[in-house]
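The values are calculated or read from the model by the stated rules, or taken from the named source; none is laboratory data. Owing to the predicted nature of the structure, the values given are computational and were not obtained by experimental measurement. Methodologically, a virtual Cβ is constructed for each residue, glycine included, from the backbone with ideal geometry; neighbour enumeration extends over all protein chains shown. Accessible surface areas use protein heavy atoms only, side chains included; no ligands, DNA or RNA. Shrake-Rupley method; radii C 1.70, N 1.55, O 1.52, S 1.80 Å.
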Amino acid sequence: LYAVEVDAEARAHVTDLYRRVEPSLEPFADDRFDVVLILDVLEHLADPARMLRDAAGLLVPGGRLLVSVPNVAHWSVRLS
């Protein structure tokens, strides 16, 4: 399990959880994955389309890109 974490302090806290943690997708450019998860991240990016293109480029043929974005219409968000 690999991860991308832009914050250096947060990266230091999760290094025991992952085999490899990098500050961006660029260090993974030569790697290929069966599955790439982008979970509740796109809404924080200046160029989410670039992230999707770059992540899709890391997939093996037939690989899966799983993306989730927050649902601001969900009752739990609206209630708060």
Only unsatisfied item for Val35, checking (1) open to solvent by 70 Å² or more (accessible area, probe 1.4 Å); (2) modelled with pLDDT under 95; (3) aliphatic (A, V, I, L, M); (4) touching a strand residue (DSSP E or B) at 6+ places or on another chain (Cβ under 8 Å), is (2)
Log entry, pairs with first residue in the stretch 18-41 being closer than 15 Å to Arg64 by Cα, second being among the β-branched types (Val, Ile, Thr), beta carbons closer than 7 Å, six or more apart or on different chains, reads Arg32/Val60; Phe33/Val60; Asp34/Val60; Ile38/Val67
When restricted to Leu52, Leu65, the only residue within 13 Å of the chain's Cα centre (by Cα), modelled with pLDDT of 95 or more and outside any helix (DSSP H, G or I) is Leu65
Ala73 meets each of (1) surrounded by 11 or more Cβ atoms within 10 Å (Cβ to Cβ); (2) of a type in the set (Gly, Ala, Ser); (3) part of a loop (DSSP other than H, G, I, E, B) with one exception, condition (1)
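Would you check if Leu52 is open to solvent by less than 80 Å² (accessible area, probe 1.4 Å) and either without any contact (Cβ under 8 Å) to a residue 40 or more places away in the chain or touching a strand residue (DSSP E or B) at 6+ places or on another chain (Cβ under 9 Å) (or both)?
yes
Table: residues versus (1) among the polar types (S, T, N, Q); (2) open to solvent by 90 Å² or more (accessible area, probe 1.4 Å); (3) in contact with a strand residue (DSSP E or B) (Cβ under 6 Å, 6 or more places away or on another chain).
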position: Ala8; (1), (2), (3): no, no, no
position: Val41; (1), (2), (3): no, no, no
position: Leu65; (1), (2), (3): no, no, yes
position: Leu79; (1), (2), (3): no, yes, no
